[in-house]
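The values are calculated or read from the model by the stated rules, or taken from the named source; none is laboratory data. All of these numbers come straight from a predicted model, not from anything done at the bench. Cβ placement follows ideal geometry from the backbone for every residue including glycine, while neighbour counts extend to all protein chains displayed.
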């Protein structure tokens, strides 16, 4: 196992420590239990947003803490849910007095731990709403999931709900817009290589030199099928087709297209995928009016990519365009 | 070879086409000869900035075209210099009537081709100045280089000189500030794995499972030494030490610290490297006042990282902070 780490058991703590050192004006890192919050603390009168999950998907979630997005993020161990003892203080740190929205990817551990934390916060007087993200159309149930998995669409939920909170929407309204994004976003990914969890020390699954896994999960969970070394255009069709079909996209609709890298794939290849995905949407008469291309929800050093499509309406587009200032997503400020 | 590409010979064209589709308000892609310019065209009365070089280092250079940075970028074939027939129209497209600065990484092919293009542009009445970037302290001469190689420091030259051009500095002044950045920036990188050039189809060099190349070039050129699987903290010392020594950093100085990924390394590992690099600078009494962590100058899917330190003065810091709107670097707008 070749990695730029020290002790495999310390990698999350050291990485988040470095993250805090690199962005001192933006975030505060709280080491034990580990969570990351906005440097300025909760904003009084603003709905708080908290997300979290296993580490290994950086910049998700700590990279999205800041103005117009999250108030706090809770990194678990690599590919392991954070526990309520960390989610609770993160929720308290995000609470500006008018309630907190938890944005939770649909994995059994995450769902249980955020639910427990939400109940304990409620008992202390913090009203919590939960938005569940389950955008992965690849498989119905999976290794760690009942129902669909939550993947790259999470970033879009965090951005748009975050902008709604920033403009002063109520707790119910922020949860509702987050829900609307979650209902209108779909994703599917593929892997060219496996990744290695540091404390495991070996690849999380086996993939032959001439095999590609279509419908991979962000923890290397099995997908729909294995195919041979097909050209990028054909591979992109395997992803875009199910995404657009499941979304029921019709001609004349407007979408945001996110081509996301799994961590080990060159940006140049993501743009090759973007090119074909945009062509396929154009063939369906769908207009791509917003784009995002890069490593936003990763799986350590896995080579691969995912395609995410969000059906936009005017309000969502406006909230997408609103200013954001986080380590990994920034514009307008 | 597993890559998200179609025909290996078409990868640059298709990737840049996808880049143009993803960022239509920002850039225009000119297919033959291939170059990328600002969507709005040259800004009258503003000094133009052009850079370019072999592809495979994305987001360098097309990802830095836009407000406050480059006016045009010229992508060559993978790891191959662009030719004058592309550099000339890019320079013309960048010319706002008051001259153009070429920012050139120190590789023999790039230097010759930009020089030829500059002479031909001069013959047509466009005054061109050249800023040469040679920030890599690892080796004195290299495979494709007489003198030091130009690596990740290039991004800092492009950003700061670009901000100077945007505020209305003269051709001489923009070239001078670019030169000052080039003189005050040093870098060094390491590789855990090799990368594979698409049309070659096999890794560009051999590295055993228990070897790491210290001082690697961004085309996989040999570095200073091979070491075993050392912890990230020790590896970071191999990079930061020579960089800081060569720069002659003294206690009390202020710097920008860039930890750059080579393309295949997880962001979480880059923050582990950042943590140690910042600690080592603090040990020397040097203050890190600006930071950048991510994939900015890459080598396809190579796993590895580089450390870049720029000695700042007040003017450079102000120009760094100035608004920038490109695909890969954006703030203040």
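What number of residues in region B:6-56 are within 10 Å of chain A (Cβ to nearest Cβ), surrounded by 22 or more Cβ atoms within 10 Å (Cβ to Cβ) and outside any helix (DSSP H, G or I)?
Number satisfying all stated conditions: 3.
Considering only residues that are in contact with a strand residue (DSSP E or B) (Cβ under 7 Å, 6 or more places away or on another chain) and within 24 Å of residue B:295 (Cα to Cα), which ones fall in region B:40-58?
Looking only at region B:40-58, we keep the residues that are in contact with a strand residue (DSSP E or B) (Cβ under 7 Å, 6 or more places away or on another chain), and these are B:42, B:47-56.
Of everything in region B:40-58, those that are in contact with a strand residue (DSSP E or B) (Cβ under 7 Å, 6 or more places away or on another chain) and within 24 Å of residue B:295 (Cα to Cα) turn out to be B:49, B:50, B:51, B:52, B:53, B:54, B:55, B:56.
Scan region A:262-284 residue by residue and report those that are within 11 Å of chain B (Cβ to nearest Cβ) and touching a helix residue (DSSP H, G or I) at 6+ places or on another chain (Cβ under 6 Å). Working first, answer last.
Filtering region A:262-284 down to residues within 11 Å of chain B (Cβ to nearest Cβ) leaves A:262-279, A:281-282.
Of everything in region A:262-284, those that are within 11 Å of chain B (Cβ to nearest Cβ) and touching a helix residue (DSSP H, G or I) at 6+ places or on another chain (Cβ under 6 Å) turn out to be A:268, A:271, A:272, A:273, A:274, A:275, A:276, A:277, A:278.
Which one of A:152, A:118, A:93 is at pLDDT 95 or above and in contact with a helix residue (DSSP H, G or I) (Cβ under 9 Å, 6 or more places away or on another chain)?
A:118
Would you say residue A:287 is within 10 Å of chain B (Cβ to nearest Cβ), more than 16 Å from the chain's Cα centre (by Cα) and surrounded by fewer than 24 Cβ atoms within 10 Å (Cβ to Cβ)?
So residue A:287 does not fit the description; no.
Please work out which one of (1) within 7 Å of chain B (Cβ to nearest Cβ); (2) buried (at least 18 other Cβ atoms within 10 Å of the Cβ) is the condition residue A:331 fails and give its number.
Residue A:331 satisfies all of (1) within 7 Å of chain B (Cβ to nearest Cβ); (2) buried (at least 18 other Cβ atoms within 10 Å of the Cβ) except (2).
Pick out the one residue from B:206, B:211 that is farther than 21 Å from residue B:147 by Cβ, more than 23 Å from the chain's Cα centre (by Cα) and away from chain A (no Cβ under 12 Å).
Matching residue, one of B:206, B:211: B:206.
Within region A:237-293, track down each residue that is under 23 Å from residue B:7 (Cβ atoms) and assigned to a strand (DSSP E or B).
A:259, A:261, A:293
What number goes with the only condition from (1) in a strand (DSSP E or B); (2) farther than 17 Å from residue B:152 by Cα that residue B:317 does not pass?
(1)
If you go through region B:132-186, how many residues are part of a helix (DSSP H, G or I) and in contact with a strand residue (DSSP E or B) (Cβ under 8 Å, 6 or more places away or on another chain)?
20
Tell me, please, whether a residue that is surrounded by fewer than 24 Cβ atoms within 10 Å (Cβ to Cβ), away from chain A (no Cβ under 14 Å), more than 14 Å from the chain's Cα centre (by Cα) and not in a loop (DSSP other than H, G, I, E, B) can be found in region B:58-72.
no
Please specify each residue of region B:198-236 satisfying the condition of being assigned to a strand (DSSP E or B) and surrounded by 23 or more Cβ atoms within 10 Å (Cβ to Cβ).
Scanning region B:198-236 gives B:212, B:213.
If a residue must be free of Cβ contacts under 8 Å to residues at least 40 places away in the same chain and under 23 Å from residue A:293 (Cα atoms), how many such residues does region A:177-206 contain?
Within region A:177-206, residues that are free of Cβ contacts under 8 Å to residues at least 40 places away in the same chain and under 23 Å from residue A:293 (Cα atoms) number 1.
Quick check: anything in region A:299-322 surrounded by 24 or more Cβ atoms within 10 Å (Cβ to Cβ), within 27 Å of residue A:80 (Cβ to Cβ), within 11 Å of chain B (Cβ to nearest Cβ) and touching a helix residue (DSSP H, G or I) at 6+ places or on another chain (Cβ under 7 Å)?
yes
Give me the residue from region A:97-114 that is assigned to a loop (DSSP other than H, G, I, E, B) and out of contact with any strand residue (DSSP E or B) (no Cβ under 6 Å at 6 or more places or on another chain) and, out of that set, surrounded by the most Cβ atoms within 10 Å (Cβ to Cβ).
Across region A:97-114, the extreme among qualifying residues is A:99.
Which members of region A:121-157 meet the condition of being within 13 Å of residue A:47 (Cβ to Cβ) and surrounded by 21 or more Cβ atoms within 10 Å (Cβ to Cβ)?
Residues satisfying the conditions are A:128, A:131.
Pick out the one residue from B:181, B:174, B:185 that is more than 17 Å from residue B:105 (Cβ to Cβ), buried (at least 22 other Cβ atoms within 10 Å of the Cβ) and within 19 Å of the chain's Cα centre (by Cα).
Matching residue, one of B:181, B:174, B:185: B:174.
With the condition kept exactly as written, say whether any residue in region B:78-86 is within 14 Å of chain A (Cβ to nearest Cβ), in contact (Cβ under 8 Å) with a residue 12 or more places away in the chain and in a strand (DSSP E or B).
Yes, some residue in region B:78-86 is within 14 Å of chain A (Cβ to nearest Cβ), in contact (Cβ under 8 Å) with a residue 12 or more places away in the chain and in a strand (DSSP E or B).
Can you tell me which condition residue A:222 does not meet? The list is (1) within 13 Å of chain B (Cβ to nearest Cβ); (2) over 30 Å from residue B:16 (Cβ atoms); (3) in contact (Cβ under 8 Å) with a residue 24 or more places away in the chain, and all the others hold.
Single failed check for residue A:222: (1).
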